[in-house]
1. Residue under question is Ala604, and the condition is that it be hydrophobic (A, V, I, L, M, F, W, C), in the same structural domain as Met540 (by the TED database) and at pLDDT below 90; does it hold?
2. In the stretch 197-208, how many residues are open to solvent by less than 40 Å² (accessible area, probe 1.4 Å) and part of a helix (DSSP H, G or I)?
3. Just wondering, is there one or more residues in the stretch 383-393 that are part of a helix (DSSP H, G or I), in contact with a Lys or Arg (Cβ under 6 Å, 6 or more places away or on another chain) and open to solvent by less than 10 Å² (accessible area, probe 1.4 Å)?
4. Just the residues that are more than 27 Å from Ile382 (Cα to Cα) and assigned to a loop (DSSP other than H, G, I, E, B), please, taken from the stretch 433-448.
5. Filter the stretch 357-382 for residues that are open to solvent by 10 Å² or more (accessible area, probe 1.4 Å) and in contact (Cβ under 8 Å) with a residue 60 or more places away in the chain and give the result.
6. Give the residues of the stretch 284-315 that are among the aliphatic types (A, V, I, L, M) and surrounded by 15 or more Cβ atoms within 10 Å (Cβ to Cβ), sorted by residue number.
7. Which one of these does Ile406 not meet: (1) under 20 Å from Arg509 (Cα atoms); (2) open to solvent by less than 10 Å² (accessible area, probe 1.4 Å); (3) not in a helix (DSSP H, G or I)?
8. Can you tell which of Ala425, Ala430 is surrounded by fewer than 19 Cβ atoms within 10 Å (Cβ to Cβ), more than 26 Å from the chain's Cα centre (by Cα), of a type outside the set (Asp, Glu) and assigned to a helix (DSSP H, G or I)?
Amino acid sequence: MGEEDKSYKRGKKKKGSFDDSFKKKVSGRVNGGFDKSKNPEKHRMNFAPHNSIVRKQVDPETTKYFSEIANLFERDGVDLEERAVICGNALEETRGKEFQLATDYIISHTLQTLLEGANVDHLCAFLKSCAKEFPYIAMDRSGSHVAETAIRSLAMHLQDSEAYFVIEDTLTMICKVIIDKPVEVMCNCYGSHVLRSILSLCKGVTLDSSKLQVTKSSAVLAERLNFKASRSDGEALSHAHKGFPDLLKFLVSGMLNCTWEDIKSLQIDQYSSLTALKLLVGDEEELLNIIPILLGCKKESIVEGDLIELTKVPDVVHLIGEAAFSHLMEVILEVAPAVLYNEIFSKVFRNSLFKLSSHHYGNFVVQALISQARHQDQMELIWEELGPKFKDILEMGRSGVIASIIAASQRLHTHEQKCCQALAAAVCSANESPGCIVPRILFLDSYFYSEDKANWNWPRGVKMHVIGSLILQEVFRYSSALIQPFITSILCLEDGNILEAAKDTAGARVIEAFLSSNVSAKLKRRLIAKLRGHFGELAMNMSGSFTVEKCFTASNISLQEAIVTELSAVRSELSKSKQGPHLMRKLDVDGFATRPDQWMSKQASKQSAYKEFHETFGSGETHSSKSGSFLTHSSKKMRQSEGLKKMRKEIDSTLPSPAPFLSTSAYKGKPNKAEKRRQNYAGTSKAPKKLRT
């Protein structure tokens, strides 16, 4: 979206060593090359697994047979029972030719159909027969699809408890073959996907579980910036069956039971399956054994209380500059048990945070580290190194690091005021008006890459900065007492700038965050008034319609009347838009148009009920200055927010709508979809489509 955070553009750029990062900055950009004395390229391995097995040509008779099978299935009229018999007979014909058939581009498609329709006995017989060749099938372009189809079919048959043991025997045979030469499969672009499917099956989770997929940037940012509970805590794996826990441990340990040179290759290989560590979340004993090995420590050197060898730390710090290893390190920080996280923090990252934050890949690892900070003492160490460097970090285009620090300060209830002060000082000097703070954060790249910052002005027609928007959303979650310069700044914006922000997806989220904050209602209405005359225009825009709804909720009766009056003028066009019906129903635009007096009476009753509720139970705002643990604070805030929403719904439902019943019944069911879209849209804005490349 627009001028995205430069740290989130992870394309094929030249990699720079951390020392060079400081010396070779041009306009905040990092250049330079890696230290050739520690060139990881020498550890890359070009595997040629197919050299050890010769693929024979499929004979014409077999080709004709499977072509007839394919034609048979393409015709209608084959019932399920007959289909299972055909699949079983056809799979028996593959005996001894599984590799040739699975790797044939045409026949492999037919073979997938057979594996999907076969019963568990024929399916397992096929896999056992080709077990020795399974890794080669998995590493083939066509064969990998056959292998994954077979694994998915096994998962489907696990719904029958009687099939458990025969499937376990089959998987055991396959796993034993894989761990004989695991690195070849793990570092193969096709084999790694098959291996992830096997690991998921052994874990007992659905094979398309997001745990093993590349996480979308919006989800990553939502977790790191407190917009939703972390996957480790709040989103348990979707278990489809009990899995094969012993086999999972056997396979994972076998994957890492390789030479030191192989470990080095796995660390930097882009197809490596090491991100499967996510499946071991909660198994602290296994993670305490595996993670140090992945960081380069020798198995015999791992002892309780000293899991990370100090001699390996420089190598780890250097490897964080590698794209693949930085991915791995983020996963390690996410799943590491507390005792191991603390040791990694103190040995690997302490006194290197700013150096790593400056790097194209390293800054993402720092974000992951900060997002997993366990207690206030760690936040203090983070602040000592990065707190005075806010401006430098923003100049380098690493705004994601700043966003993570602000989010961590809120979770851990520490350094909140210092964060606000440092952020304001990074974009606004002491002799400048605070009015420039919000515009400069909304356009971070435009401002920091400007050659004449003193004369920089709001750029017209430029997309607003995604991470800048997220930072401001975080800021407006602080207590209003801590963010006075930011409040002053957003209220100083010209009417035209407020309108432009409301039309921009990232800017609209900032306005909504301000309207949802614990800033006084009077100040919120000052901002809403700047949009008068444009609510109809905004309502026609997908993201703007949500802003209109927020404005309505935060307004008094006179402003609510003004908003609905403007929407009534575009009622016909609004009803045809995707988001219009929901907004019209929410604000009862038709009711206002037909019975304005009753509409006003209803709104007055709502306002009175809201006021009475707040006077009785409080506003529900959670001030950041209160003490408490991260989890307690987060859960309390979520409960209060849910309580307020429930209260509003109850008040709305008890007040009869002036509109006739039939006028709303036609829309039954649609509000849920609109609400779902709104929830998905909120918080993370439209985060960059691609966090990593």
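1. So Ala604 fits the description; yes.
2. 6
3. no
4. Scanning the stretch 433-448 gives a single hit, Ser433.
5. Result: His360, Tyr361, Ser371.
6. Initial filter on the stretch 284-315 (among the aliphatic types (A, V, I, L, M)): 287-288, 290-291, 293-295, 302-303, 307-308, 310, 313.
Result: Leu287, Leu288, Ile290, Ile291, Ile293, Leu294, Leu295, Ile302, Leu307, Ile308, Val313.
7. The one condition Ile406 does not meet is (3).
8. Details: Ala430 fails: assigned to a helix (DSSP H, G or I).
Every option except Ala425 fails the conditions.
The values are calculated or read from the model by the stated rules, or taken from the named source; none is laboratory data. Bear in mind that the values here come from a model prediction, so they are computed numbers and not experimental data. Every residue, glycine as well, gets a Cβ built from its backbone with ideal geometry; the counts of neighbours run over all protein chains shown. Just the protein is used for accessible areas: all its heavy atoms, side chains included, with ligands, DNA and RNA removed. Shrake-Rupley method; radii C 1.70, N 1.55, O 1.52, S 1.80 Å.
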